[in-house]
Structures are given as structure tokens and as C-alpha cells.
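The structure appears below as C-alpha cells.
The values are calculated or read from the model by the stated rules, or taken from the named source; none is laboratory data. It should be emphasised that the depicted structure is a prediction, and the values quoted were computed from it without experimental measurement. Every residue, glycine as well, gets a Cβ built from its backbone with ideal geometry; the counts of neighbours run over all protein chains shown.
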Amino acid sequence: MSKLTLMSKLGIVYLTWTRLLQKNLVPHKITLKQQYVLGQLSKNEFLYPSQIADMLFCDRPTATVIIKNMERQKWVKREKDVENAKQVRIYITEEGRQKRASLKGVSGLEDMDRYDPLRCLTDDERAQLDVLMTKVLTHIKAGKDYLK
């Protein structure tokens, strides 16, 4: 078996963790990304699709699919932006608020803690990892223009 690179290990940890969280949502017929969008919409009057794409770290077409699926469930609605007719605003609906409320204890912060892959680390190891990952993230953000 070939040795995994550090980035591969990070990816596997993240994907395994999110799959565990998603598994809890399957009976509720919602995805982690949809749950996250509902949470963000409940904190904001509205969001633009481009903002949702940025929050989900996905491209606009993928965000559009997610939004359309949520519209079909009547969790969100889109309306033309009165200030810029080329844009639409995404709003959470009452059904979306009810859906979000129904998920309490299913896949919230408590569940993220329960399935925390970093639980095996000491407080000092967590602090070291946090410093290192912050450094890597800062490096990536500084060079993101090169990634285009």
C-alpha cells in the first residue's frame, strides 16, 4: 500500500467526518450544504447566489442546483433584486425555518463535537495544529490569484 500524502490524509479526515454528519441527516431528507445555507439565511435578510457559492466553496452552477433543490422543497424563495434587476436574492421561507428547527440535535454543533476527529489530540496538539493550519490557510488565501 502506498504511503498517503499529508493532503490526502487531510482530505480523508474531512470527507469521513462530513459523511458521518450527513448520515444523520439522511432520514430528514436534507444535505449538510442545504442545512448550512438555511442556517446562514436565518442570520441574514437574504443572500445572493454568488455569496452562497462562496460560503459552500463551490462554483455558481453547483450553488444554483443546491438553491433550486431547496426551492423545490419550498425552504427558500428567490426574488429579483429591486436595486439590480440582473441579480436575484435568496430568502428563507417559513417552511425553511421549520425545517431548520426540526433538525435541532440531529447535525448541529453538538454532533460535530460528538464526531470530532480531533478528539484524539491533546489540547496542546490541537493548538499546534490550529496554528499550522491557519498558516497554511493564510498562504493559500494570499496566493489565490495564482489559482485562477
All but one of (1) farther than 26 Å from residue 119 by Cβ; (2) in contact with a Lys or Arg (Cβ under 8 Å, 6 or more places away or on another chain); (3) not hydroxyl-bearing (Ser, Thr, Tyr) hold for residue 45; which doesn't? (2)
Heads up, the helices (runs of 4 or more DSSP H) in the stretch 1-66 (entirely inside) with at least 2 residues that are assigned by TED's automatic domain parsing to the domain that holds residue 98 and surrounded by 15 or more Cβ atoms within 10 Å (Cβ to Cβ) are 32-43, 49-56
Contacts under 9 angstrom Cβ, first residue in the stretch 106-124 being more than 17 Å from residue 28 (Cα to Cα) and hydrophobic (A, V, I, L, M, F, W, C), partner surrounded by 10 or more Cβ atoms within 10 Å (Cβ to Cβ) and modelled with pLDDT of 90 or more, 6 or more apart: 118/13; 118/125; 118/126; 118/129; 121/128; 121/129
